[in-house]
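Worksheet: the structure to be examined is printed underneath.
The values are calculated or read from the model by the stated rules, or taken from the named source; none is laboratory data. All values reported here derive from a predicted model rather than from experimental measurement. Please note: Cβ atoms are built from the backbone with ideal geometry, for glycine as well, and neighbour counts cover all protein chains shown. Surface accessibility is based on the protein's heavy atoms, side chains included, excluding ligands, DNA and RNA. Shrake-Rupley method; radii C 1.70, N 1.55, O 1.52, S 1.80 Å.
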Amino acid sequence: MFQPSQHDVRRFFCEVLRKQREGMPLVPMEAVAAPWIDAHPEYHGDLSDLEAALAASYTVEEGRTNPFLHLSMHLSISEQVAIDQPTGIKQAFGLLAAKLGSAHEAQHQMMECLGEMIWASQRSGLPPDGQGYLECVRQRATRR
């Protein structure tokens, strides 16, 4: 299993933005990341300076979102939906996106569910609960 380091992830997103700006071709994973980078122009400053990106620390106390974590979650959810893993997430995403009128906003809602699942797994020491994650997304899709 591929487990990139924090610096690998930061280099990846910085490189995608650089390649986009220079009109260079993107490899498939970069092509998946590029629209998410475009959708978050507020992160372009962070992604424009590799050395600063590698040194940056995003703490809760700063009250600032970690752009690399946020974009990584977009990539994770995109992959989950593409391969329908956990089974049913593609349909739940579609329902949530239709309800909200935005695939981007649906992903942001899903990030909350994904974050809760990861937090619970880390806290309990148990594997991530894919079915609980799926149920969280389904609830958001059907909630009035």
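Just a few scattered comments:
- Residue within the stretch 95-110 that is assigned to a helix (DSSP H, G or I), in contact (Cβ under 8 Å) with a residue 60 or more places away in the chain and open to solvent by 30 Å² or more (accessible area, probe 1.4 Å) present: yes
- Options 53, 82, 33: the member that is open to solvent by 70 Å² or more (accessible area, probe 1.4 Å), of a type in the set (Gly, Ala, Ser) and in a helix (DSSP H, G or I): 82
- Number of the exception - residue 68 against (1) surrounded by fewer than 17 Cβ atoms within 10 Å (Cβ to Cβ); (2) in contact with an Asp or Glu (Cβ under 9 Å, 6 or more places away or on another chain): (1)
- Conditions (1) without any contact (Cβ under 8 Å) to a residue 24 or more places away in the chain; (2) closer than 21 Å to residue 7 by Cβ: number failed by residue 124: (2)
- Scope the stretch 118-138; condition farther than 14 Å from residue 90 by Cα and open to solvent by 30 Å² or more (accessible area, probe 1.4 Å); matching residues: 118, 119, 120, 122, 123, 124, 125, 126, 127, 128, 129, 132
- From the options 20, 107, residue that is at pLDDT 95 or above and within 30 Å of residue 132 (Cα to Cα): 107
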